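Undergrad: One structure, pasted below without further comment.
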């Protein structure tokens, strides 16, 4: 997995096999399966490579179908669903061993003016505040996060510890995140790198009310879907607040909705449902 | 047939071939097909291709073109995954040989797990709400009468929005709330309840993106871009459910809205998300909004 921005960019630099067909490389990893954020980010890059400027990705919706195999590259097959005047839509199938492992649809828009509003950023301690903790070693080991040096992650807290209880939302988590070294200025790379990081920590908000965490390994966790709506330009290599609420867990699944704030502005919204299954006593 | 029976009839697709279905059209005075109808018919097509012990738990979809009421819609289902616990289907809705809508659905074999949910907000009873179509008419919405006729199966009681009727909320700057139910009873088949709800879920959700803006919806070109639902727990669409809507952001002529659906006893049964085009209509520009 990438250790810095340069390695992340190399991972996102896809090889063009043919029109609308791309190949993404793997990086050495001790994880048994490909990190979901990598597949999501490579898919977004593949879709974007088939779209001309000035169209910019404003949303993506996706489903994870099979665990990715880190020992072989991933092939991204892009289908053109719409070339409209204002909106362009692409669908990407990520495949390995002849089977789809992930399906993503991406919508692009030509910039235009309109109504403006945004929710205010919650009042939270900054990433350097003494109460804000880096990822613990236990969590790092569970997540193989020692290979995650591309991301700076600092936990403000969750409804399990560190955050004031909110009777309206039993499942909450707040995290500061950034890419650990500088990215190029082009907004495209910030959206792609953000997509990579956006798959991290999310399900923690759904685990928080149940006294379980990644570190203890007491639940089986796997992303089912992943959706991102980009609202405003931002830099993925500067701190952003990942403000997460899990409205519901039921039936072996947990849903998390998240708002992404930077410099007081709401720059993106994210939604993810995941399998959240109690591990059987053995 | 009463309007609810007409809706059930709309959801009863004709099977053309294995995974190929056709949905009929209602009578409508509107220019393009109501998005909730396409979403609900696509959902029914997907459901018909999985074993009945699997239940739909989520759908993600994009609207591509305005639908044409004068011809039926064909729904072509692709089997993406047949797993032990999960199944995935992708449905293409098409007319005139072109895709108008794509929906991906995930199904799960029911299992137990961790349980939590957001608390239901304190709101007035359905009887305290205003008829939504009346609210739209008074708000100067040119399509109110046509929509009222088309949505005849739905009983919608609007409780208020950020500018009228709701207490200000520091965290959510643009909100709307309403109670909804099907006017008459539905058959017990859970698929019908999920589909009838999906039909209703496209009503008004995008409107919450304008709650904070003092604009006449008729002066705004509005079109759903995407539509997402996560089904948490089973419920009856013909009993009252609260549609708690909020819009975190609008920019670039787009607005994003989320919705939480609670039954009257406070159970969170669905979460919804929709991004839509909300484009200020310039003076002199023509006609109702058109999806590209």
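Undergrad: Could you tell me which of the residues B:170, B:188 is more than 30 Å from residue B:13 (Cβ to Cβ) and in a loop (DSSP other than H, G, I, E, B)?
TA: Working: B:188 fails: more than 30 Å from residue B:13 (Cβ to Cβ).
Of B:170, B:188, the one residue that is more than 30 Å from residue B:13 (Cβ to Cβ) and in a loop (DSSP other than H, G, I, E, B) is B:170.
Undergrad: Another question, if that's okay. Using the structure shown, decide if residue B:211 is buried (at least 23 other Cβ atoms within 10 Å of the Cβ) and at pLDDT below 95.
TA: Working: buried (at least 23 other Cβ atoms within 10 Å of the Cβ): yes; at pLDDT below 95: yes.
When the stated conditions are applied, residue B:211 passes them.
Undergrad: If I ask for residues that are more than 8 Å from every other protein chain (Cβ to nearest Cβ) and in a loop (DSSP other than H, G, I, E, B), which ones from segment A:98-132 would you list? Show your work before the answer.
TA: Residues of segment A:98-132 more than 8 Å from every other protein chain (Cβ to nearest Cβ): A:98-99, A:101-102, A:104, A:106, A:108, A:110, A:121, A:123-132.
Listed by number, the residues that qualify are A:98, A:121, A:123, A:124, A:125, A:126, A:127, A:128, A:129, A:130, A:131, A:132.
Undergrad: Scanning segment A:31-67 for residues that are in contact with a helix residue (DSSP H, G or I) (Cβ under 7 Å, 6 or more places away or on another chain) and more than 14 Å from chain B (Cβ to nearest Cβ), which turns out farthest from residue A:94 (Cα to Cα)?
TA: Residues of segment A:31-67 that are in contact with a helix residue (DSSP H, G or I) (Cβ under 7 Å, 6 or more places away or on another chain), as a first pass: A:37-38, A:40-42, A:44-45, A:48, A:57, A:60, A:62, A:64.
In the following step, the residues that additionally are more than 14 Å from chain B (Cβ to nearest Cβ) were identified as A:37-38, A:41-42, A:44-45, A:48.
Values: A:37: 13, A:38: 11, A:41: 11, A:42: 9, A:44: 11, A:45: 12, A:48: 14 Å.
Here the residue is A:48.
Undergrad: Hey, another quick one. Does segment A:74-83 contain any residue that is at pLDDT below 95 and either more than 10 Å from chain B (Cβ to nearest Cβ) or part of a loop (DSSP other than H, G, I, E, B) (or both)?
TA: No, there is no match, as no residue in segment A:74-83 is at pLDDT below 95 and either more than 10 Å from chain B (Cβ to nearest Cβ) or part of a loop (DSSP other than H, G, I, E, B) (or both).
Undergrad: If you don't mind, another one. Return only the number of the condition from (1) away from chain A (no Cβ under 14 Å); (2) surrounded by 16 or more Cβ atoms within 10 Å (Cβ to Cβ) that residue B:121 does not satisfy.
TA: (1)
Undergrad: Any idea which residue in segment A:85-97 is farthest from the other protein chains (Cβ to nearest Cβ), counting only those that are in contact with a strand residue (DSSP E or B) (Cβ under 9 Å, 6 or more places away or on another chain) and farther than 16 Å from residue B:104 by Cα? Show your work before the answer.
TA: At the first step, the residues of segment A:85-97 found to be in contact with a strand residue (DSSP E or B) (Cβ under 9 Å, 6 or more places away or on another chain) are A:85-96.
Narrowing the set further to residues that are farther than 16 Å from residue B:104 by Cα leaves A:85-88, A:95-96.
On the way: A:85: 6, A:86: 6, A:87: 6, A:88: 10, A:95: 12, A:96: 14 Å.
So the residue we want is A:96.
Undergrad: Considering every residue within segment B:65-87, establish whether at least one is buried (at least 22 other Cβ atoms within 10 Å of the Cβ) and either more than 21 Å from residue B:11 (Cα to Cα) or at the interface with chain A (Cβ under 10 Å from one of its Cβ atoms) (or both).
TA: Checked against the condition, which is being buried (at least 22 other Cβ atoms within 10 Å of the Cβ) and either more than 21 Å from residue B:11 (Cα to Cα) or at the interface with chain A (Cβ under 10 Å from one of its Cβ atoms) (or both), segment B:65-87 yields no hits at all.
Undergrad: Considering each residue of segment B:210-257, count those that are part of a loop (DSSP other than H, G, I, E, B), without any contact (Cβ under 8 Å) to a residue 60 or more places away in the chain and facing chain A (nearest Cβ under 8 Å), and give that number.
TA: 5
Undergrad: Right, next: How about segment B:102-115: which of its residues are crowded, with 20+ Cβ neighbours inside 10 Å and either within 28 Å of residue A:204 (Cα to Cα) or in contact with a helix residue (DSSP H, G or I) (Cβ under 6 Å, 6 or more places away or on another chain) (or both)? Full working, then the answer.
TA: Applying the first criterion (crowded, with 20+ Cβ neighbours inside 10 Å) to segment B:102-115 yields B:102-108, B:114.
Matches in segment B:102-115: B:103, B:104, B:105, B:106, B:107, B:108, B:114.
Undergrad: Checking residue A:77 against (1) closer than 16 Å to residue A:16 by Cβ; (2) buried (at least 20 other Cβ atoms within 10 Å of the Cβ), which test does it fail?
TA: Against the list (1) closer than 16 Å to residue A:16 by Cβ; (2) buried (at least 20 other Cβ atoms within 10 Å of the Cβ), residue A:77 comes up short only on (2).
Undergrad: Can you pull out the residues in segment A:253-282 that are at pLDDT 95 or above and surrounded by fewer than 19 Cβ atoms within 10 Å (Cβ to Cβ)?
TA: Residues satisfying the conditions are A:263, A:264, A:265.
Undergrad: When you look at residue A:232, is it under 17 Å from the mean Cα position of the chain (by Cα) and more than 10 Å from chain B (Cβ to nearest Cβ), yes or no? Spell out the reasoning first.
TA: Working: under 17 Å from the mean Cα position of the chain (by Cα): yes; more than 10 Å from chain B (Cβ to nearest Cβ): no.
No.
Undergrad: Across segment B:25-50, which residue is farthest from the other protein chains (Cβ to nearest Cβ) among those that are in contact with a strand residue (DSSP E or B) (Cβ under 8 Å, 6 or more places away or on another chain) and more than 15 Å from residue B:197 (Cα to Cα)?
TA: Among those residues, the one meeting the criterion is B:25.
Undergrad: Can you tell me which residues in segment B:175-193 are within 14 Å of chain A (Cβ to nearest Cβ) and touching a helix residue (DSSP H, G or I) at 6+ places or on another chain (Cβ under 7 Å)?
TA: Step one: list which residues in segment B:175-193 are within 14 Å of chain A (Cβ to nearest Cβ), which gives B:175-176, B:190.
Once the filter is applied, which keeps residues that are within 14 Å of chain A (Cβ to nearest Cβ) and touching a helix residue (DSSP H, G or I) at 6+ places or on another chain (Cβ under 7 Å), segment B:175-193 yields B:175, B:176.
Undergrad: Can you spot a residue in segment A:206-221 that is surrounded by fewer than 24 Cβ atoms within 10 Å (Cβ to Cβ), under 16 Å from the mean Cα position of the chain (by Cα) and more than 10 Å from every other protein chain (Cβ to nearest Cβ)?
TA: Applying the first criterion (surrounded by fewer than 24 Cβ atoms within 10 Å (Cβ to Cβ)) to segment A:206-221 yields A:209-221.
Right, trim to under 16 Å from the mean Cα position of the chain (by Cα) and you get A:221.
The next check asks that each one be more than 10 Å from every other protein chain (Cβ to nearest Cβ); those that pass are A:221.
The answer is yes; a qualifying residue exists.
Undergrad: Which of the following residues is away from every other protein chain (no Cβ under 14 Å), under 13 Å from the mean Cα position of the chain (by Cα) and either surrounded by fewer than 20 Cβ atoms within 10 Å (Cβ to Cβ) or modelled with pLDDT of 95 or more (or both): A:224, A:177, A:143? Show your work before the answer.
TA: Values: A:224 fails: away from every other protein chain (no Cβ under 14 Å); A:143 fails: under 13 Å from the mean Cα position of the chain (by Cα).
Going through A:224, A:177, A:143 in turn, just one is away from every other protein chain (no Cβ under 14 Å), under 13 Å from the mean Cα position of the chain (by Cα) and either surrounded by fewer than 20 Cβ atoms within 10 Å (Cβ to Cβ) or modelled with pLDDT of 95 or more (or both): A:177.
Undergrad: While we're here: Can you tell me which residues in segment A:208-228 are within 23 Å of residue B:248 (Cβ to Cβ) and outside any strand (DSSP E or B)? Talk me through it step by step, then tell me what you get.
TA: To start, the set of residues in segment A:208-228 that are within 23 Å of residue B:248 (Cβ to Cβ) comprises A:208-209, A:223-228.
Listed by number, the residues that qualify are A:208, A:209, A:224.
Undergrad: Further question on the same structure: Tally the residues that are in a strand (DSSP E or B) and either touching a residue at least 40 places away in the same chain (Cβ under 8 Å) or crowded, with 22+ Cβ neighbours inside 10 Å (or both), restricting the search to segment B:259-268. It would help to see each step written out before you state the result.
TA: First, pick out the residues of segment B:259-268 that are in a strand (DSSP E or B): B:259-263, B:268.
In the following step, the residues that additionally are either touching a residue at least 40 places away in the same chain (Cβ under 8 Å) or crowded, with 22+ Cβ neighbours inside 10 Å (or both) were identified as B:259-262, B:268.
The qualifying residues number 5.
Undergrad: Further, regarding this structure: Output the residue which, of all residues in segment B:156-174 that are in contact with a helix residue (DSSP H, G or I) (Cβ under 8 Å, 6 or more places away or on another chain) and over 24 Å from residue A:245 (Cβ atoms), is surrounded by the fewest Cβ atoms within 10 Å (Cβ to Cβ). Show your work before the answer.
TA: Pass one, segment B:156-174, residues in contact with a helix residue (DSSP H, G or I) (Cβ under 8 Å, 6 or more places away or on another chain): B:156-159, B:161, B:174.
Still in the list and also over 24 Å from residue A:245 (Cβ atoms): B:156-158.
Numbers: B:156: 23, B:157: 21, B:158: 23.
Per the criteria, the residue is B:157.
Undergrad: Which condition does residue B:105 not pass, out of (1) within 10 Å of chain A (Cβ to nearest Cβ); (2) over 16 Å from the mean Cα position of the chain (by Cα); (3) under 22 Å from residue B:272 (Cβ atoms), if it passes all the others?
TA: Of everything listed in (1) within 10 Å of chain A (Cβ to nearest Cβ); (2) over 16 Å from the mean Cα position of the chain (by Cα); (3) under 22 Å from residue B:272 (Cβ atoms), residue B:105 misses just condition (2).
Undergrad: In addition: Working carefully through the options B:242, B:166, find the one that is over 22 Å from residue B:269 (Cα atoms) and touching a strand residue (DSSP E or B) at 6+ places or on another chain (Cβ under 9 Å).
TA: Every option except B:166 fails the conditions.
The values are calculated or read from the model by the stated rules, or taken from the named source; none is laboratory data. Bear in mind the structure is a predicted one, so any value in this text is a computation, not a measurement. We place every Cβ from the backbone using ideal geometry, glycine too, and count neighbours over all the protein chains shown.
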